[in-house]
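What follows is one structure encoded as C-alpha coordinates, with my remarks underneath.
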Amino acid sequence: MADYIELPEMILLEHFNGNYEQFIDAVYEVFDNDFIRHKTKFRGEVLRMKWHPVFKERAYTFYHMTHKGKDEQNREPDLRRCERIPWARPVIENCDSWKLKIWPQKRKRGNRLCIWLDLEDEPDYFVIIDVRKNYKLLWTAFVAEYKHEKRKKLKEYEAWLKTQKSPGRT
(Lines give C-alpha, C1' and ligand atoms only; values in the text may rest on other atoms or scores of the structure.)
Protein backbone atom coordinates (compact mmCIF):
# COMPACT_ATOMS: atom_id res chain seq x y z
CA MET A 1 0.00 0.00 0.00
CA ALA A 2 1.11 3.57 -0.66
CA ASP A 3 2.90 5.41 2.13
CA TYR A 4 0.38 8.25 2.09
CA ILE A 5 -3.32 8.09 1.25
CA GLU A 6 -5.46 11.20 1.42
CA LEU A 7 -9.16 10.54 1.81
CA PRO A 8 -12.03 13.03 1.92
CA GLU A 9 -13.63 13.70 5.28
CA MET A 10 -16.35 11.36 6.37
CA ILE A 11 -19.93 12.62 6.54
CA LEU A 12 -21.12 12.24 10.11
CA LEU A 13 -24.68 12.19 11.42
CA GLU A 14 -23.59 14.55 14.19
CA HIS A 15 -22.86 17.22 11.52
CA PHE A 16 -26.63 17.29 11.03
CA ASN A 17 -27.58 17.33 14.73
CA GLY A 18 -28.82 13.76 14.47
CA ASN A 19 -31.28 14.55 11.66
CA TYR A 20 -31.14 11.35 9.60
CA GLU A 21 -33.04 12.78 6.59
CA GLN A 22 -30.61 15.69 6.22
CA PHE A 23 -27.70 13.30 6.73
CA ILE A 24 -28.82 10.78 4.10
CA ASP A 25 -29.56 13.61 1.66
CA ALA A 26 -25.99 14.87 2.12
CA VAL A 27 -24.65 11.33 1.63
CA TYR A 28 -26.69 11.02 -1.56
CA GLU A 29 -25.39 14.36 -2.82
CA VAL A 30 -21.83 12.98 -2.64
CA PHE A 31 -22.93 9.74 -4.32
CA ASP A 32 -24.75 11.68 -7.05
CA ASN A 33 -21.74 13.89 -7.69
CA ASP A 34 -19.18 11.08 -7.62
CA PHE A 35 -21.03 8.36 -9.51
CA ILE A 36 -23.91 9.83 -11.49
CA ARG A 37 -22.70 13.25 -12.66
CA HIS A 38 -18.93 12.55 -12.56
CA LYS A 39 -18.90 9.03 -14.08
CA THR A 40 -16.17 7.45 -11.97
CA LYS A 41 -13.76 5.21 -13.87
CA PHE A 42 -12.07 2.00 -12.78
CA ARG A 43 -8.87 1.48 -14.75
CA GLY A 44 -10.15 3.71 -17.53
CA GLU A 45 -13.62 2.14 -17.79
CA VAL A 46 -16.69 4.11 -16.71
CA LEU A 47 -18.57 2.28 -13.96
CA ARG A 48 -22.27 1.80 -14.38
CA MET A 49 -24.69 1.26 -11.57
CA LYS A 50 -27.79 -0.71 -10.83
CA TRP A 51 -30.83 1.53 -10.96
CA HIS A 52 -33.62 -0.98 -10.44
CA PRO A 53 -35.40 -1.53 -8.27
CA VAL A 54 -35.33 2.17 -7.45
CA PHE A 55 -35.17 2.76 -3.70
CA LYS A 56 -36.77 5.99 -2.45
CA GLU A 57 -36.23 7.56 -5.89
CA ARG A 58 -32.50 6.78 -5.75
CA ALA A 59 -30.33 4.30 -7.62
CA TYR A 60 -30.33 0.81 -6.16
CA THR A 61 -26.53 0.94 -5.99
CA PHE A 62 -26.87 3.79 -3.48
CA TYR A 63 -29.17 1.62 -1.37
CA HIS A 64 -26.65 -1.21 -1.47
CA MET A 65 -23.74 1.07 -0.54
CA THR A 66 -25.55 2.62 2.43
CA HIS A 67 -27.58 -0.27 3.88
CA LYS A 68 -26.72 -3.76 5.09
CA GLY A 69 -28.47 -7.08 5.49
CA LYS A 70 -28.99 -10.38 3.71
CA ASP A 71 -32.68 -9.78 2.93
CA GLU A 72 -32.60 -7.36 0.00
CA GLN A 73 -36.09 -6.05 0.75
CA ASN A 74 -35.33 -5.26 4.39
CA ARG A 75 -31.79 -3.93 4.54
CA GLU A 76 -30.98 -1.60 7.45
CA PRO A 77 -29.23 1.78 7.16
CA ASP A 78 -25.54 1.44 8.03
CA LEU A 79 -24.06 4.68 9.33
CA ARG A 80 -20.48 3.44 8.82
CA ARG A 81 -21.14 2.80 5.13
CA CYS A 82 -22.88 6.16 4.79
CA GLU A 83 -20.08 8.06 6.53
CA ARG A 84 -17.50 6.66 4.09
CA ILE A 85 -19.36 7.28 0.82
CA PRO A 86 -16.85 10.08 0.06
CA TRP A 87 -14.08 7.44 0.11
CA ALA A 88 -15.52 5.17 -2.59
CA ARG A 89 -14.57 7.27 -5.62
CA PRO A 90 -10.95 7.93 -4.60
CA VAL A 91 -10.50 4.28 -3.61
CA ILE A 92 -11.69 3.18 -7.06
CA GLU A 93 -9.78 5.81 -9.01
CA ASN A 94 -6.53 5.46 -7.05
CA CYS A 95 -6.51 1.74 -6.28
CA ASP A 96 -3.45 1.07 -8.45
CA SER A 97 -1.39 4.11 -7.49
CA TRP A 98 -2.20 3.45 -3.82
CA LYS A 99 -1.21 -0.21 -4.33
CA LEU A 100 -4.43 -1.52 -2.78
CA LYS A 101 -5.26 -5.21 -2.80
CA ILE A 102 -7.52 -6.00 -5.75
CA TRP A 103 -8.66 -9.47 -6.74
CA PRO A 104 -11.44 -11.26 -8.60
CA GLN A 105 -14.16 -13.04 -6.66
CA LYS A 106 -16.42 -15.81 -7.94
CA ARG A 107 -19.98 -15.48 -6.69
CA LYS A 108 -23.19 -17.42 -7.37
CA ARG A 109 -24.46 -14.77 -9.72
CA GLY A 110 -21.23 -13.83 -11.47
CA ASN A 111 -17.81 -12.36 -11.08
CA ARG A 112 -16.77 -9.47 -8.91
CA LEU A 113 -13.68 -7.47 -8.14
CA CYS A 114 -12.84 -6.59 -4.55
CA ILE A 115 -10.78 -3.50 -3.72
CA TRP A 116 -9.42 -3.44 -0.16
CA LEU A 117 -8.44 -0.24 1.64
CA ASP A 118 -6.55 -1.31 4.75
CA LEU A 119 -5.91 1.61 7.11
CA GLU A 120 -4.15 1.47 10.48
CA ASP A 121 -6.44 3.92 12.29
CA GLU A 122 -9.76 2.99 10.64
CA PRO A 123 -11.71 -0.19 10.00
CA ASP A 124 -10.95 -1.82 6.64
CA TYR A 125 -13.05 -0.55 3.74
CA PHE A 126 -14.02 -2.64 0.73
CA VAL A 127 -15.44 -1.61 -2.63
CA ILE A 128 -17.04 -4.30 -4.78
CA ILE A 129 -17.41 -4.06 -8.57
CA ASP A 130 -19.62 -6.50 -10.47
CA VAL A 131 -18.01 -7.64 -13.73
CA ARG A 132 -20.46 -8.12 -16.58
CA LYS A 133 -19.79 -9.24 -20.14
CA ASN A 134 -19.43 -5.75 -21.66
CA TYR A 135 -19.27 -3.45 -18.65
CA LYS A 136 -18.67 -3.12 -14.91
CA LEU A 137 -21.18 -2.15 -12.22
CA LEU A 138 -20.38 -0.42 -8.98
CA TRP A 139 -22.01 -2.96 -6.67
CA THR A 140 -21.42 -1.99 -3.05
CA ALA A 141 -18.94 -0.78 -0.46
CA PHE A 142 -18.71 -1.69 3.19
CA VAL A 143 -16.67 -1.56 6.36
CA ALA A 144 -15.33 -4.74 7.94
CA GLU A 145 -17.09 -4.57 11.29
CA TYR A 146 -15.68 -7.78 12.74
CA LYS A 147 -12.27 -9.43 12.75
CA HIS A 148 -13.65 -12.56 11.08
CA GLU A 149 -14.72 -10.45 8.06
CA LYS A 150 -11.18 -9.22 7.59
CA ARG A 151 -9.80 -12.77 8.03
CA LYS A 152 -12.24 -14.07 5.43
CA LYS A 153 -11.20 -11.41 2.90
CA LEU A 154 -7.52 -12.01 3.62
CA LYS A 155 -7.98 -15.75 3.10
CA GLU A 156 -9.78 -15.07 -0.19
CA TYR A 157 -7.05 -12.68 -1.34
CA GLU A 158 -4.23 -15.07 -0.38
CA ALA A 159 -5.97 -17.97 -2.16
CA TRP A 160 -6.21 -15.85 -5.30
CA LEU A 161 -2.53 -14.83 -4.99
CA LYS A 162 -1.52 -18.51 -4.97
CA THR A 163 -3.13 -18.91 -8.39
CA GLN A 164 -0.98 -16.15 -9.87
CA LYS A 165 2.40 -16.79 -11.43
CA SER A 166 5.24 -15.38 -9.38
CA PRO A 167 7.60 -12.94 -11.12
CA GLY A 168 10.55 -14.84 -12.57
CA ARG A 169 8.65 -18.14 -12.77
CA THR A 170 7.36 -19.74 -15.92
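The values are calculated or read from the model by the stated rules, or taken from the named source; none is laboratory data. Please read all numbers here as calculations on a predicted model, not as lab measurements. Quick reminder, even Gly has a Cβ in these numbers, built from the backbone with ideal geometry, and neighbours come from all protein chains shown.
Brief remarks on what is shown
- Condition met for Glu145 (surrounded by fewer than 17 Cβ atoms within 10 Å (Cβ to Cβ), within 23 Å of Phe23 (Cβ to Cβ) and among the charged types (D, E, K, R)): yes
- The requirement of being among the small types (Gly, Ala, Ser), more than 17 Å from Met49 (Cβ to Cβ) and either surrounded by fewer than 17 Cβ atoms within 10 Å (Cβ to Cβ) or under 12 Å from the mean Cα position of the chain (by Cα) (or both) is not satisfied by Ala88.
- Test result for Trp98, farther than 20 Å from Val27 by Cα and touching a residue at least 60 places away in the same chain (Cβ under 8 Å): yes
- Residues within segment 126-148 that are closer than 16 Å to Lys68 by Cβ and either without any contact (Cβ under 8 Å) to a residue 24 or more places away in the chain or in contact with a helix residue (DSSP H, G or I) (Cβ under 6 Å, 6 or more places away or on another chain) (or both), tallied: 9
- Hey, Asn17 loosely packed, with under 11 Cβ neighbours inside 10 Å, modelled with pLDDT of 90 or more and polar (S, T, N, Q) or not: yes
- Candidates Asp130, Asp124, filtered to the one that is touching a Gly at 6+ places or on another chain (Cβ under 7 Å) and either aliphatic (A, V, I, L, M) or at pLDDT 90 or above (or both): Asp130
- When residues of segment 49-60 are limited to those that are part of a loop (DSSP other than H, G, I, E, B) and aliphatic (A, V, I, L, M), the one farthest from Asn94 (Cα to Cα): Val54
- Residues satisfying the stated conditions in segment 119-142, i.e. polar (S, T, N, Q) and loosely packed, with under 15 Cβ neighbours inside 10 Å: Asn134
- Test: residue in segment 96-106 that is under 26 Å from Glu158 (Cα atoms), under 14 Å from the mean Cα position of the chain (by Cα) and among the aliphatic types (A, V, I, L, M): yes
- Taken over segment 1-33, the criterion of being in contact with a strand residue (DSSP E or B) (Cβ under 9 Å, 6 or more places away or on another chain) and in contact (Cβ under 8 Å) with a residue 24 or more places away in the chain is satisfied by Met1, Ile5, Leu7, Tyr20, Ile24, Tyr28, Phe31.
- Matching strands (runs of 3 or more DSSP E) fully within segment 61-149 where at least 3 residues are hydrophobic (A, V, I, L, M, F, W, C): 110-117, 125-131, 136-143
- Scope segment 14-48; condition under 14 Å from Val91 (Cα atoms) and aromatic (Phe, Trp, Tyr); matching residues: Phe31, Phe35, Phe42
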